Amino acid sequence: MIRCESDSNNTIFHLQDKRKVFVTKTLKYFADMLKSYSFIRIHQSHLVNLDYVSEYIKSDGGYLMLKNGENVPVSVRKKTEIIEILDTMHR
């Protein structure tokens, strides 16, 4: 699984094979559950698997470029934490 996206009180799972799975549980429900599997909350609406992050882009408010070509916004509140985590991973 590449990432999870909030859709109101539901969650959309974005899978490696480009399929999307719709689940009737909140993103918060999955955030704690997936933390030990390299997932991190980067935005109110997004959880991302760090194994699929290719880089952090500073322009346009800041977003993550994923290995599948998708861009996912990083909230202003999470920006510093995300940059530190990515720096640690690339050492």
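FYI, it's all coordinate maths here, none of it is from the lab. Because the structure is a prediction, the values reported are computed rather than measured. Quick reminder, even Gly has a Cβ in these numbers, built from the backbone with ideal geometry, and neighbours come from all protein chains shown.
For the reader, a short list of remarks on this structure follows.
- Label corresponding to Rg/Rh (Cα atoms, Kirkwood Rh) when calculated from the structure given, among (i) 0.94; (ii) 1.60; (iii) 1.24: (i)
- Lysines whose Cα lies under 16 Å from that of LYS67, excluding same-chain neighbours fewer than 8 positions away: LYS18
- In sequence order, the stretch 26-40 has phi-based couplings of 6, 5, 4, 4, 7, 4, 5, 5, 9, 3, 6, 10, 6, 9, 9 Hz under the Karplus curve 6.51 cos²θ - 1.76 cosθ + 1.60, θ = phi - 60°, and Gly or Pro positions carry x.
- Potential lengthening of the chain between ASP87 and ASP32 amounts to 17.5 nm, from the contour at 0.36 nm per residue minus the alpha-carbon distance.
- Highest mean packing comes first when the peptides 41-47, 59-65 are listed by Cβ atoms within 10 Å, giving 41-47, 59-65.
- Calculated mean residue ellipticity at 222 nm for the chain: -6000 deg cm²/dmol, from DSSP H runs with n ≥ 4 weighted as -39500 (n - 2.57), summed, divided by the residue count and rounded to 500.
- Of ALA31, VAL76, SER59, farthest towards positive along the dipole that unit charges on Lys, Arg, Asp, Glu beta carbons give the stretch 13-91: ALA31
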